[in-house]
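Read the structure below first, then the notes.
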Amino acid sequence: MTDIIDGDAVAADIRADLQDSIDALADEGVRPGLATVLMSDDPASETYVSMKQRDCEEVGIEGIHVELDPDAPADELFDTVEDLNDDPEVHGILVQMPLVEQVDTRRVLRSVDPEKDVDGFHPENVGRLVAGNPRFKPCTPHGIQKLLESAGVETEGAEAVVVGRSMIVGKPMANLLIQKGPLGNATTTVCHSRTEDLAAHTREADIVIAAAGAPEFIDGSMLKEGATVIDVGVNRVDADTDKGYELVGDVDFESAEGVAGAITPVPGGVGPMTRAMLLYNTVKAAGEQEGIAVDLP
Ligand code: NDP
């Protein structure tokens with residue numbers, strides 16, 4: 001039997017707990033504010049940003065959305081970020097990636113006030129995470145930690161394999177798994193496109209975090225019996241649906257089911273957790289900037 005880890009349900013619980021913190025902040029006259037900045041005409045980015053804004057509205061976070069012409073000079077983006085850094089009503093800033101060509105992404109990440117960097121991508125916050133003293137944990141790996149916790153998966157002493165080494169998922173995930181302390185202490189291997197024999201690694205893993213962005217390429221034969229499988233991938237593949245496509249993960253769910261001990265579905269696994277943890281970081285940021293202690297789930 002394979003347990004299905006229900007990300008929608010775990011995310012709903014976290015959002016309900018966050019609601020209490022948001023109400024507590026409101027009692028002190030504070031409404032957390034999250035600014036999203038979009039400088040791209042990529043439809044997926046537009047969708048992500050509008051979902052984030054909708055999430056804010058649902059829980060009582062003030063959503064501020066700034067949309068910039070994708071052809072505008074890079075300075076427009078930097079000026080926008082500077083204004084948001086200075087705005088006391090804005091506690092969190094999220095610049096939607098990927099950015100247009102003329103903008104230096106690393107400079108953007110450095111330009112966001114680290115105290116408002118709810119994505120956790122500013123070098124100061126990356127450094128703090130690596131040092132074991134995170135300010136904001138990046139939303140996707142943080143959400144995965146919460147999923148593992150909710151499913152009662154013991155990370156301590158476990159063999160974990162992270163497939164993917166991106167700045168937003170793979171690297172911070174591996175860093176969290178190796179931290180000393182709760183939800184850490186895993187013996188962690190990071191695999192990537194140059195890994196010689198991926199299956200040899202995944203077959204030894206008690207926990208597999210698949211974050212490569214390749215459709216259904218990890219199948220049941222690559223998994224150890226009873227392993228916990230967290231599928232981060234969101235891949236669009238052609239399908240006979242109204243939209244002409246469907247979303248699938250990096251894991252071939254059908255063949256993994258029956259081998260894995262627990263698995264996250266796509267959709268309904270990691271995705272809702274990423275969104276919930278953005279709200280979490282925004283509430284945390286608001287509490288810290290306003291000097292109000294808030295309980296966080
Ligand atoms: P990136 O493209 O930035 O990174 C992918 C990583 O996977 C790279 O390190 C790459 O290796 C590695 N990789 C690619 N193909 C293989 C392969 N065949 N075998 C082993 N390693 C491989 O992607 P992201 O980290 O941004 O995202 C990964 C996936 O997760 C995507 O599908 C994305 O849509 C999804 N995602 C989902 C989120 C959610 O909330 N559900 C949030 C964020 C991402 P190399 O470094 O050598 O190129």
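Just a few scattered comments:
- Applying both filters, DSSP loop and at most 14 other Cβ atoms within 10 Å, to the GluC sites (Glu not before Pro) of region 62-121 gives 89, 101.
- Probe 1.4 Å - accessible area at residue 150, Å² to nearest ten: 70
- Coil-residue trypsin sites (Lys or Arg not before Pro) of region 131-214, DSSP, other Cβ within 10 Å capped at 14: 180, 194
- Charge-dipole axis of region 139-271 as Lys and Arg at +1 and Asp and Glu at -1 on Cβ define it, positive-most pick from 200, 269, 174: 174
- Looking at the chain, the accessible area is 47 square angstrom per residue; that uses a 1.4 Å probe and ignores ligands, DNA and RNA.
- Beta-bridge orientation, the chain: approximately 10 percent antiparallel, per DSSP, counting only bridges with both partners inside.
- Considering only 122, 65, 91, the Gaussian network model of the chain with Cα springs below 10 Å gives its largest mean-square fluctuation to 65.
- Share of carbon and sulfur in the accessible heavy-atom surface of the chain [1.4 Å probe, %]: 46
- Think of region 24-133 as a dipole: +1 on every Lys or Arg Cβ, -1 on every Asp or Glu Cβ, centred on the Cα centre; then among 77, 120, 60, 120 lies furthest on the positive end.
- Prolate/oblate/rounded call for region 139-271, Cα gyration tensor, a/c under 1.5 rounded: prolate
- Heavy-atom accessible area for residue 66, with the other protein chains in place and a 1.4 Å probe, reaches approximately 40 Å².
- Calculated translational diffusion coefficient of the chain (4 °C, 1.567 mPa s; Stokes-Einstein with Kirkwood radius over alpha-carbon pairs) equals 65 µm²/s.
- Of the GluC sites (Glu not before Pro) found in region 152-214, those that fall in a DSSP loop while having at most 16 other beta-carbon atoms within 10 Å are 154, 156, 196, 204.
- Extension gain, residue 214-residue 9: 0.36 nm per intervening residue step, less the Cα-Cα distance, totals 71.2 nm.
- Of the residues 24, 211, 245, the one whose Cα sits farthest towards the positive end of the charge dipole of the chain is 211 (charges of +1 on Lys and Arg Cβ, -1 on Asp and Glu Cβ, taken about the Cα centre).
- In this view, the solvent-accessible surface of residue 69, computed with a 1.4 Å probe and all protein chains in place, comes to about 90 Å².
- Cross-link pairs exceeding 21 Å between alpha carbons, from the set 171/224; 137/171; 180/224; 137/180; 52/180: 171/224; 180/224; 52/180.
- Relative packing of peptides 225-235, 33-43 - highest average C-beta neighbours within 10 Å first: 225-235, 33-43
- Under the shape rule built on the C-alpha gyration tensor, where the axes satisfy a ≥ b ≥ c, region 24-133 is oblate, since a/c reaches at least 1.5 while a/b does not exceed b/c.
- From the alpha carbon centroid of region 19-79 to that of region 104-122 is 15 Å.
- Charge dipole magnitude, Cβ of K and R +1, D and E -1 - the chain, Cα centre, debye nearest 20: 1060
- Where only DSSP H runs of four or more residues are counted, the chain gives -12000 deg cm²/dmol as its mean residue ellipticity at 222 nm, each run worth -39500 (n - 2.57).
The values are calculated or read from the model by the stated rules, or taken from the named source; none is laboratory data. Here the structure is a predicted model, which means the values were calculated and not measured. Neighbour counts are summed over all protein chains in view; Cβ atoms, including those assigned to glycine, are modelled from backbone coordinates with ideal geometry. Just the protein is used for accessible areas: all its heavy atoms, side chains included, with ligands, DNA and RNA removed. Shrake-Rupley method; radii C 1.70, N 1.55, O 1.52, S 1.80 Å.
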